[in-house]
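Participant: Dropping a structure here in C-alpha cells format, bear with me for questions.
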Amino acid sequence: MPADDLSGDPSGTPDRRDVVRRGLRVVGRGIRDEPVIFGVAVLGSALYGAGTAGSGYVLGRVTDSVIAPAFVAGRVTGAQVWDAAGPIALVALLTAVGVVVRRAAGGITMYRLQARYRRAVTRQYLRLPLSWHHRHPAGQLLSNANADVEATWGVFAPLPMSLGVAVMLAVAGVAMVAADPVLAGVGLLVIPALMAANIVYQRRMSPLVMRAQALRADVSSVAHESFEGALVVKTLGREDAETRRFAATADALRDANVAVGRTRGTFDPVIEGLPTLGVLAVLAVGTWRVRSGAIVTGDVVQVAYLLSLVSFPVRALGWVLGELPRTVVGWERVSSVLDAGDGMAYGDAEPRPASSGPAALAVAGAGYAHVGPDGEDVPVLFDVTLDVVAGRTVAVVGPTGSGKSTLAGLLVRLVDPRSGHVLLDGVDVRTLRRGGVAEAAALVPQSTFVFDDTVRGNVDLTGTLTDDDVWAALRLARADGFVAALPNGLDTRVGERGASLSGGQRQRLALARALVRRPRLLLLDDATSAVDPRVEAQILEGLRGAGESATVVVVAYRMATISLADEVVFLEHGRVAARGTHAELLASTPGYRSLVTAYERDAAERAAFREHGTTPDTGETGPGTEQADVAPQEIS
Amino acid sequence: MSTTDRASRTARAATGSHDSSTIATASGRGVVATVRRGLEVSPEITRGVRVTLLVALVSTAGKVVVPIAVQQTIDRGINGPAGPRPGLVVGLAMAAAVGVLLTGVSSYVANLRIFRATEAGLATLRTKAFRHVHDLSVLSQNAERRGALVSRVTSDVDTISTFIQFGGLLLVLSTGQLLVATVLMAVYSWQLALLVWGCFLPLFFAFRPLQRLVSRAYAQVRVRVGDMLGAISESVVGADTIRAYGVEGRTQERIDAAVGAHAKVAMRAQVLVAASFTGGVLVSGLVVAAVVAVGLLTGVGGSLTLGELLAFLFLVQLFTGPVQMGTEVLNELQNATAGWRRVLAVLDTTADVADPGERGVALPRGPIECRFEDVWFSYPGGEPVLKGISLELPPRARVAVVGETGSGKTTLAKLLTRLADPQQGRVLLDGVDLRDVRFSSLRERVVLVPQEGFLLDDTLAANIAWGAHGADDDAVRLALTELGLLDWALGLPHGLATEVGQRGESLSAGERQLVALARAYLADPDLLVLDEATSAVDPATEVRIQRALDGVTQGRTSVAIAHRMSTAEAADLVVVVDAGEVLDVGPHHELLTRCGVYQRLHASWRAQQRAA
C-alpha cells in the first residue's frame, strides 16, 4: 500500500530547526568530494556577483561624472560617450563570463556528485546480502539510486549563485555606503527584511514540499503495483477500481501541489515587493538628502539602481534554503544505503579449481528465518542437515511452502543461515573469498531473471566464451531451437526492451546460463516448471549425459526428475522429515508417498470412477459435491 | 521539426503508430501541437484563463511603478524648477506603494488560479493516462515493459507540474512585461526603444536554433536516464541472479558506464543552457551601454531629460529581466513538452481491444458456451500463432487444453478472455461475439487465472477478496474452505491477516498461485480459464485443488491450460493444440486411442511420473 514511511527511515520528517545544520553538512560533503570544479563555479559566481553590483556602481559614477554634466551643459563629445558606455560594457562582459562559468561549472559539480553517489549506491546494492534486498522493495531501491541522489545534490544548482550573491551584496553594500551612508542604511534595511521573509517562506514551504514529494512517491507506487498486475487487473475487471485508487492519490498530490503553489504565490509578491518599497524609500529620503545638499542626484540613482539590481538575485539565498529539506531527506535515504553495514563478509579461502571435478556439499544444522513485513522473524528452516557426496544427485522434495527455495539459496550462499553451516568441499562457504561460491556453483532459480541484453549476453555472463560454447549450452537446455528462430539469433536482444520470451523459453535460457559455466555444483530450483513434459524429458536426458562432472541438487516434484537422484531429501515444514533413496522414502514416509504419487493415485481413482462409478472424492480433502448446494442459483 | 521529432516519427512509421504493442516513446508533435493536444486532454487548464490573464496583466502593470517613480522623482522631485521637494516625492512614493500592494495581491490571485487550473488538469491527465494504460492490450503481451510505463504517469507529468510551478506564470508575466516595457520605453524615446529591440533581435533569431539544440540535448538526457534506470534496476531486480553467478563486476561496469553516459550528456545540456542563458545576460549588459551612448548622443540638448534617460535605464532592466528569465523558462518548457509528449503518446495509442461500453451486450448469468469460428491470430510482426481455430465448448464442460510449448495454448486463453482480439474469425460466448460484450459483464462472468498471479502488498485476505467486490473475511474463509486451502492459510504466521509483502514476496511461488486461484474462485465467474495456474504447486496440493475445483466448477464452464496431463485426464473434454491448429477434441480415453500427438504428450508425462 502507499508507503507512509517512504525512506524506511524511522526518524521520518527531519526536525525543521535541524534541517539547515544537517543540510549544510551534506553540502560540505559535496564540496569535499568535488572541490576543484565547485571552486571554479564559486569563482565564476563571485565574478558575476561583483560584476552585477559593479554595474550599478559604474552607472552611478558615470551618471555623476559624464551624463548629468552633459545634460546640464546641453552638449556631448565623442570622448564623453566612450567614457560613459565603455566601463558599462566592460562590466557587462565580465559579468557574462562570470555567469557562464558559474552555471556550467555549477551544473557539472551537481552531475558529477550525482554520478559519484549513484555509483556508490549501486556498489552497495551489489555488495549487500540478499536478505537486505528482500527487506527493501525494488521501487524504493531504484528511487534511492535515482530520485534521492538527485534530491540530495539538487542544492548544488543554486548554491554557487547564492555564494556569488553574497559577494554581490558585499560589493553593493560598499558601493551604496560610498554613495551615501544614510541612503545605504535605508536601502540595506531591505536585505534583512528579505532574509526574514525568505526564512519564513522556507519554514512554511518545506513541510509542504516534503508532503508533495511523499505523495509523488505514493502515486508512483500505486502506478507501479497496478501496471505490474495489469493482466490480473484486466482479467478481474478491476480497471475502474484501480483507476479510482490511482485518482485518489493523484488528487491528493494535486491538492498538495496547489498548497505549495499557494505558499509560493503568497511569498513571491512579498519578496518581489520589498525591494521595490526599498527603492521608493530611497527616493523619498534621497530627495530630502539632495535638498539638504548632502548628496547629488547620481548618488540617489546609484543606490536605487543597486537595490533593484540585487533584489532578484537575493532570492538565490532562498532557493538554497528551499532545497535544503530535499537535500536532508534525500541524503538520509541515500546514506541509509551507504551505511548499511550488514554486508556479507567473505573469507580469503580459494575454492577448488574448476578442473577438480564435482563438488562435495554438506549442510550442518542450518536454520533460517525471513524478516517479515512487520520486522518479526518468520522461521523457514530448522536444523537442516544433509550431505551430498561429490558427483551425486540429490532431489529436494516437499510440499508448497516447505522451504525448498530457501534451502537452495543457502547452498549457493545467496543468504547465510542463522545457525549452522553450509560446507562446500568441506569448507564453510563463509570462509571462501568473494565470488568463490559462484565459481563453483550455479543456481537456476524458480523465477528467471532475463538481463536487458542479447541472448549471448544472457547466457555468457562473463563475456569470454565462444559461440560454440554458448550454442552447446543452449542445445543442452533445449533452447537452441527457439534461439535459432529469433530474428538475429544469438544477437537478438531479449529482456526489458527486447523480444518477449515465454515462461518456458526464459527457463531454458536460464538453464543454459548455468550449464555454460560447467559448474561443479548445479542447483535446479523447480527450474523446468514452465517447460512441457517432452522437452523436460529431453533436457533431463542431456543432463544425465553431461552430469558426471557436477554434483546436482534438484528441487522437483516430478517423479522422472526425482528418480534421477541418488538420494531424496524430503522437506516438510522447514525440517528434513526423511532422507533416503526414492524407493526407501516411498516405503517409509507416507507424506512423501502421497506427494509424489498424487497424480498416479488421482489417475487411478478417476479410472476406477469411470469404470465403477465410485466417487473419487474420498478422504479428508474432498469438499466435493456438496459444493453445488452452496451456490445453487448459479446452476441453471 | 527537431531531429528527435523526426526520429520518433520514423520509429512510429516503422512500427505502425496504431499498433498497441508499441507505445511510442513520445508523440511526434511539435511544441505548439503538443500543448494544443495537451490542453484538449486537460480542459481544466484553460478554464477561466481569460480572467487569469487579466489579473496577471494588472500585476505586470504594477512593475512599471519603479521606473515612473524614478523619473518623476528626478525630473520633478529633485531637479524640478523649485529644487528638491521631499513632500512631493513622499506623496509619489505612497501612491507607488499602493501600486506595489495591488500588484502583489493580483499576482497572488493569478498564481493561485494558475496552480489550481493546471494541477487539476494534470491530475486529470495522470488519471486518464493511467486508465488508458490498463485499456491497452499491450499489457497482456509483454510483462517486462510495464514498469517503463510508470514514468509516463509520474515523472513525465511531474516535469510539467514543476515547469508550471516555476515558470508558468513567469512565462505569462514575462510576455506582458515585455509589452509594457516596450510601450513605456517608446513613450520616453521611440529611438532608444528601437535600439533596445535592435540589440535583442539577433538574440531572438539565434534563439530558435539554440532551442533546437537544447531540446535535442534534453531528449538525449531522457534517453540516457532510461538506460541508466534500466542498468540500475538490474542490480536490484536481478540481485539473486547476479549474486548466484558472481557477476557483480560486470553489472557494476554496466551501471558505471550508463551513469557516466548520463552525466556526460546532462553536463553537455547544462553547458548549452548556460551558454544560451549567458547570451541574454551579455546582451542585457551591452544594451545598457548602448542606451547610455545613444541617449547621450541624441538626447542631450533637448529630446530627453536626465530623468527620462535614467528612467529608461530602469525600463531596460524591466525589459531584459523577462528576456533572461524567458530563455530560462523556455528551456524548461522544452523539458516539460518532452514529458508532455511522452504522456500524450500513451493516450494516442489506440486501445485495439476496446470496451463496447453502453452499446455492448450484457450477458445473462449462467453456464457459458464458447465457440471459436475460424480464428486467426498473430502477434505484431510475427507469424500466425493460431491458424484457423474452430472449436465448440459446451456449457458446463471442464475442458483441458494441451499441447507443446509454443503451440498457441496461452494465446487461445487470451482470446477467450478477450485480452486480445483475433485478426480474423470470431470468438463467441453464448453466441455473442466477444467484441460486443460489455467489459463490465465480461469481466464478471469470465475470469482468467494466469501463471503468475499478481499479489498486492496487502494482507492475504485483502488479496483474495480483491477480485470480488466487497467480499468480507467470512467469504474469504468460505472460499478457502471450499478449495481445501483453509489449513494452509491459517498455518501462515498471521493467518488471513498475514502481510504478503511486495508482489507477495513473503510467500513462495506456489503459495502465490494458491492465492490467485482462491481470488478467482471468490470472484465467482461462469467461465473460469486457468493458464498453468498451478504449475508451481506440489502434486498433492494440486490434486487436492483439482478435485475441489471439479466439485465447485460443476455447473460452470472451465478451461484449463496445463502441462500436467493429470488435468487432461480429469477433464470432460481435451483440446489438443499443435502448431496453432486444433488437432483433436475429445475425452481423454478417446484421444488416447486415436490422437498421435496426445499419445506422445501423455506418454512423456507418464514417463515423468515413473522412476526413470
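Participant: Of all the residues that make up the stretch B:565-612, how many are touching a Pro at 6+ places or on another chain (Cβ under 8 Å), open to solvent by less than 50 Å² (accessible area, probe 1.4 Å) and at pLDDT 85 or above?
Facilitator: Residues meeting the conditions: 5.
Participant: Could you look through the stretch B:276-290, keep only residues that are open to solvent by 10 Å² or more (accessible area, probe 1.4 Å) and either without any contact (Cβ under 8 Å) to a residue 12 or more places away in the chain or charged (D, E, K, R) (or both), and pick out the one that is nearest to the other protein chains (Cβ to nearest Cβ)?
Facilitator: Looking at residues that are open to solvent by 10 Å² or more (accessible area, probe 1.4 Å) and either without any contact (Cβ under 8 Å) to a residue 12 or more places away in the chain or charged (D, E, K, R) (or both), I get B:GLY285.
Participant: Would you mind finding the one in A:ARG103, A:ARG112 that is at pLDDT 95 or above, at the interface with chain B (Cβ under 7 Å from one of its Cβ atoms) and either open to solvent by less than 50 Å² (accessible area, probe 1.4 Å) or assigned to a helix (DSSP H, G or I) (or both)?
Facilitator: On the way: A:ARG103 fails: at pLDDT 95 or above.
None of the other options fit; the residue is A:ARG112.
Participant: Considering the stretch B:412-450 alone, what residues qualify as being open to solvent by less than 10 Å² (accessible area, probe 1.4 Å) and β-branched (Val, Ile, Thr)?
Facilitator: Answer for the stretch B:412-450, where residues must be open to solvent by less than 10 Å² (accessible area, probe 1.4 Å) and β-branched (Val, Ile, Thr): B:THR417, B:VAL427, B:VAL437, B:VAL446, B:VAL447, B:VAL449.
Participant: Which one of these does B:GLY495 not meet: (1) more than 9 Å from every other protein chain (Cβ to nearest Cβ); (2) open to solvent by less than 20 Å² (accessible area, probe 1.4 Å); (3) at negative phi?
Facilitator: Among (1) more than 9 Å from every other protein chain (Cβ to nearest Cβ); (2) open to solvent by less than 20 Å² (accessible area, probe 1.4 Å); (3) at negative phi, the lone unmet condition for B:GLY495 is (3).
Participant: Still on this model: Restricting attention to the stretch B:79-125, which residues are more than 9 Å from chain A (Cβ to nearest Cβ), over 30 Å from A:ALA252 (Cα atoms) and among the hydrophobic types (A, V, I, L, M, F, W, C)?
Facilitator: Matches in the stretch B:79-125: B:ALA82, B:ALA95, B:VAL98, B:LEU102.
Participant: Return yes or no: is B:VAL180 buried (at least 22 other Cβ atoms within 10 Å of the Cβ), over 28 Å from A:VAL337 (Cβ atoms), of a type in the set (Val, Ile, Thr) and more than 12 Å from chain A (Cβ to nearest Cβ)? Break it down stepwise before answering.
Facilitator: Details: buried (at least 22 other Cβ atoms within 10 Å of the Cβ): no; over 28 Å from A:VAL337 (Cβ atoms): yes; of a type in the set (Val, Ile, Thr): yes; more than 12 Å from chain A (Cβ to nearest Cβ): yes.
Judged against the criteria, B:VAL180 is not a match.
Participant: Confirm whether B:ARG208 is open to solvent by 10 Å² or more (accessible area, probe 1.4 Å), among the basic types (Lys, Arg) and closer than 30 Å to A:GLY409 by Cα.
Facilitator: Values: open to solvent by 10 Å² or more (accessible area, probe 1.4 Å): yes; among the basic types (Lys, Arg): yes; closer than 30 Å to A:GLY409 by Cα: no.
Judged against the criteria, B:ARG208 is not a match.
Participant: Another question, then. Identify, from the list A:SER220, A:SER226, the residue that is of a type in the set (Ser, Thr, Tyr) and open to solvent by 10 Å² or more (accessible area, probe 1.4 Å).
Facilitator: Numbers: A:SER226 fails: open to solvent by 10 Å² or more (accessible area, probe 1.4 Å).
Of A:SER220, A:SER226, the one residue that is of a type in the set (Ser, Thr, Tyr) and open to solvent by 10 Å² or more (accessible area, probe 1.4 Å) is A:SER220.
Rundown of residues vs (1) touching a residue at least 24 places away in the same chain (Cβ under 8 Å); (2) of a type in the set (S, T, N, Q); (3) assigned by TED's automatic domain parsing to the domain that holds A:LEU543; (4) open to solvent by 10 Å² or more (accessible area, probe 1.4 Å), yes/no style:
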{"position": "A:ARG456", "(1), (2), (3), (4)": "yes, no, yes, yes"}
{"position": "A:VAL459", "(1), (2), (3), (4)": "yes, no, yes, no"}
{"position": "A:TRP471", "(1), (2), (3), (4)": "no, no, yes, yes"}
{"position": "A:ARG478", "(1), (2), (3), (4)": "yes, no, yes, yes"}
{"position": "A:GLY481", "(1), (2), (3), (4)": "no, no, yes, yes"}
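Participant: Out of B:LEU592, B:LEU522, B:LEU549, B:LEU517, which single residue is under 19 Å from A:ASP526 (Cβ atoms) and in a helix (DSSP H, G or I)? Please lay out each step first, then the result.
Facilitator: Details: B:LEU592 fails: under 19 Å from A:ASP526 (Cβ atoms); B:LEU522 fails: under 19 Å from A:ASP526 (Cβ atoms); B:LEU549 fails: under 19 Å from A:ASP526 (Cβ atoms).
Exactly one residue qualifies, and that residue is B:LEU517.
Participant: Still on this structure, please answer the following. Name, by its number, the condition in (1) hydrophobic (A, V, I, L, M, F, W, C); (2) more than 8 Å from every other protein chain (Cβ to nearest Cβ); (3) closer than 30 Å to B:ARG594 by Cα that does not hold for B:LEU517.
Facilitator: With respect to (1) hydrophobic (A, V, I, L, M, F, W, C); (2) more than 8 Å from every other protein chain (Cβ to nearest Cβ); (3) closer than 30 Å to B:ARG594 by Cα, B:LEU517 is out only on (3).
Participant: Out of all the residues in the stretch A:398-434, which are more than 9 Å from every other protein chain (Cβ to nearest Cβ), part of a helix (DSSP H, G or I) and open to solvent by less than 20 Å² (accessible area, probe 1.4 Å)? Don't jump to the end; show me each part of the working.
Facilitator: Initially, the stretch A:398-434 is screened for residues more than 9 Å from every other protein chain (Cβ to nearest Cβ), giving A:407-408, A:410-411, A:415-433.
Retained after the next criterion (residues that are part of a helix (DSSP H, G or I)): A:407-408, A:410-411, A:429-431.
Answer for the stretch A:398-434, where residues must be more than 9 Å from every other protein chain (Cβ to nearest Cβ), part of a helix (DSSP H, G or I) and open to solvent by less than 20 Å² (accessible area, probe 1.4 Å): A:LEU407, A:ALA408, A:LEU410, A:LEU411, A:VAL429.
Participant: What residue, among those in the stretch A:435-452 that are open to solvent by less than 20 Å² (accessible area, probe 1.4 Å) and outside any loop (DSSP other than H, G, I, E, B), is nearest to B:VAL537 (Cα to Cα)?
Facilitator: Out of the qualifying residues, it is A:VAL444.
Participant: Return yes or no: is A:VAL279 within 30 Å of B:ILE114 (Cα to Cα) and either more than 7 Å from chain B (Cβ to nearest Cβ) or not aliphatic (A, V, I, L, M) (or both)?
Facilitator: Working: within 30 Å of B:ILE114 (Cα to Cα): yes; either more than 7 Å from chain B (Cβ to nearest Cβ) or not aliphatic (A, V, I, L, M) (or both): no.
No, not satisfied.
Participant: Can you pull out every residue in the stretch A:178-195 that is within 17 Å of A:THR287 (Cα to Cα) and in a helix (DSSP H, G or I)?
Facilitator: Step one: filter the stretch A:178-195 for residues within 17 Å of A:THR287 (Cα to Cα), giving A:179-187.
Listed by number, the residues that qualify are A:ALA179, A:PRO181, A:VAL182, A:LEU183, A:ALA184, A:GLY185, A:VAL186, A:GLY187.
Participant: With respect to B:SER535, is the statement that it is assigned to a loop (DSSP other than H, G, I, E, B), polar (S, T, N, Q), open to solvent by less than 20 Å² (accessible area, probe 1.4 Å) and in the same structural domain as B:LYS387 (by TED's automatic domain parsing) true? Don't jump to the end; show me each part of the working.
Facilitator: Details: assigned to a loop (DSSP other than H, G, I, E, B): yes; polar (S, T, N, Q): yes; open to solvent by less than 20 Å² (accessible area, probe 1.4 Å): yes; in the same structural domain as B:LYS387 (by TED's automatic domain parsing): yes.
Yes, satisfied.
Participant: Do you know which of the residues in the stretch A:384-397 that are among the aliphatic types (A, V, I, L, M) and closer than 20 Å to A:SER563 by Cβ is nearest to the other protein chains (Cβ to nearest Cβ)? Break it down into steps so the answer makes sense when it comes.
Facilitator: Looking only at the stretch A:384-397, we keep the residues that are among the aliphatic types (A, V, I, L, M), and these are A:384, A:386, A:388-390, A:394-397.
Within this subset, residues satisfying the condition of being closer than 20 Å to A:SER563 by Cβ are A:386, A:388-389, A:394-397.
Working: A:LEU386: 19, A:VAL388: 18, A:VAL389: 20, A:VAL394: 15, A:ALA395: 11, A:VAL396: 12, A:VAL397: 8 Å.
The selected residue is A:VAL397.
Participant: Next up: Can you go through B:ASP458, B:ASP472 and tell me which one is within 30 Å of A:SER502 (Cβ to Cβ) and surrounded by fewer than 24 Cβ atoms within 10 Å (Cβ to Cβ)?
Facilitator: Numbers: B:ASP472 fails: within 30 Å of A:SER502 (Cβ to Cβ).
One residue alone meets the criteria, B:ASP458.
Participant: Could you please find all residues in the stretch B:398-411 being open to solvent by less than 10 Å² (accessible area, probe 1.4 Å) and in a loop (DSSP other than H, G, I, E, B)?
Facilitator: Once the filter is applied, which keeps residues that are open to solvent by less than 10 Å² (accessible area, probe 1.4 Å) and in a loop (DSSP other than H, G, I, E, B), the stretch B:398-411 yields B:GLY403, B:SER407, B:GLY408.
This table checks each residue for (1) touching a helix residue (DSSP H, G or I) at 6+ places or on another chain (Cβ under 8 Å); (2) part of a helix (DSSP H, G or I); (3) crowded, with 24+ Cβ neighbours inside 10 Å.
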position	(1), (2), (3)
A:GLY237	yes, no, no
A:ARG245	yes, yes, no
A:THR249	yes, yes, no
A:ARG254	yes, yes, yes
A:ALA259	yes, yes, no
A:GLU272	yes, yes, no
A:THR276	yes, yes, yes
A:LEU280	yes, yes, yes
A:THR287	yes, yes, yes
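Participant: Take the residues in the stretch A:194-217 that are of a type in the set (Lys, Arg) and either buried (at least 18 other Cβ atoms within 10 Å of the Cβ) or within 16 Å of the chain's Cα centre (by Cα) (or both); name whichever of them is modelled with the lowest pLDDT.
Facilitator: First, the residues of the stretch A:194-217 that are of a type in the set (Lys, Arg): A:203-204, A:211, A:216.
Then keep just the ones that are either buried (at least 18 other Cβ atoms within 10 Å of the Cβ) or within 16 Å of the chain's Cα centre (by Cα) (or both); that gives A:211, A:216.
On the way: A:ARG211: 87, A:ARG216: 83.
The selected residue is A:ARG216.
The values are calculated or read from the model by the stated rules, or taken from the named source; none is laboratory data. Given the structure is predicted, the values throughout are model-derived calculations rather than measurements. Note: ideal-geometry Cβ built from the backbone for every residue, glycine included; neighbour counts use all protein chains shown. Quick note on the areas: whole protein, heavy atoms, side chains included, nothing else; ligands and nucleic acids left out. Shrake-Rupley method; radii C 1.70, N 1.55, O 1.52, S 1.80 Å.
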